[in-house]
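Okay, structure first, notes after.
The values are calculated or read from the model by the stated rules, or taken from the named source; none is laboratory data. No experiment lies behind these values; they were computed from the predicted model shown. All Cβ positions, glycine included, derive from the backbone under ideal geometry; neighbour counts span all protein chains shown. Please note that ligands, DNA and RNA were not included when accessible areas were found on the heavy atoms of the full protein model with its side chains. Shrake-Rupley method; radii C 1.70, N 1.55, O 1.52, S 1.80 Å.
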Amino acid sequence: MDLDLEDLALREESYKHFIRSPATQIGYKNSLKRYLAFLRLKDVDESLPTCPNPNSRHIESQIISYIMHLRERGIAYSTIHFLVAPIFTFYQLNDVTLNRKKVSRYLGEYERVARDGAYTREQIQIMLQNADSRLSMIIQILNSTACRIEHIEEMRNRSLKYAKDHHFEV
């Protein structure tokens, strides 16, 4: 079951132009593979109806069955949403109109799993006490600028301005 992105939108280049990010293209490709495996189909063309007016109710029921299968396996709401989005996009690009609102009702309730949020002053103080000078500077930059950690590597010396009070400004 080897899918190329060209297979996914009736072999047109529109799919690559519609989804520009390579990471998103890979995620969509893998999600569609999982969906096709659930339907026991070998080719993406088998999931497309050949008649001019496709039976959208049948397709909706297949997607709902897939969602219920994922929920029975204990897959989280956000993951199911992530896995179903490419399916809707695929059918949308192939001119199949689906009732997204109806199907989305089967996703279930969103439950917050992770307890994340801003660090407290005490937590930051502990991190600074246990960090070397390099890591301490990174923690202080992240704390003062609220930028994400992946943007630290993009910073250069020209990004920093030396202030009069011997501090750096970003």
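Per-residue answers, yes or no, for (1) within 14 Å of Val96 (Cβ to Cβ); (2) in contact with a His (Cβ under 6 Å, 6 or more places away or on another chain); (3) surrounded by 15 or more Cβ atoms within 10 Å (Cβ to Cβ); (4) modelled with pLDDT of 80 or more:
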{"site": "Asp43", "(1), (2), (3), (4)": "no, no, no, no"}
{"site": "Asn53", "(1), (2), (3), (4)": "yes, no, no, no"}
{"site": "Arg71", "(1), (2), (3), (4)": "no, no, yes, yes"}
{"site": "Ser78", "(1), (2), (3), (4)": "no, no, no, yes"}
{"site": "Phe82", "(1), (2), (3), (4)": "no, no, no, yes"}
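Taking region 110-124 as the range and being open to solvent by 100 Å² or more (accessible area, probe 1.4 Å) and modelled with pLDDT of 80 or more as the test, the residues that pass are Tyr119, Arg121, Glu122. Could you please let me know if Ser144 is surrounded by 12 or more Cβ atoms within 10 Å (Cβ to Cβ) and modelled with pLDDT of 75 or more? Judged against the criteria, Ser144 is a match. Out of the residues in region 147-165 meeting the condition of being modelled with pLDDT under 75, open to solvent by 50 Å² or more (accessible area, probe 1.4 Å) and assigned to a loop (DSSP other than H, G, I, E, B), tell me which one is nearest to Thr79 (Cα to Cα). Among residues in region 147-165 that are modelled with pLDDT under 75, open to solvent by 50 Å² or more (accessible area, probe 1.4 Å) and assigned to a loop (DSSP other than H, G, I, E, B), the one nearest to Thr79 (Cα to Cα) is Arg156. Quick check on my filter: what residues within region 84-109 are open to solvent by 100 Å² or more (accessible area, probe 1.4 Å) and not in a helix (DSSP H, G or I)? If the condition is that a residue be open to solvent by 100 Å² or more (accessible area, probe 1.4 Å) and not in a helix (DSSP H, G or I), then Asp95, Thr97, Glu109 are the ones that fit. Taking region 125-139 as the range and being open to solvent by less than 60 Å² (accessible area, probe 1.4 Å) and touching a residue at least 12 places away in the same chain (Cβ under 8 Å) as the test, the residues that pass are Leu128, Ile138, Ile139.
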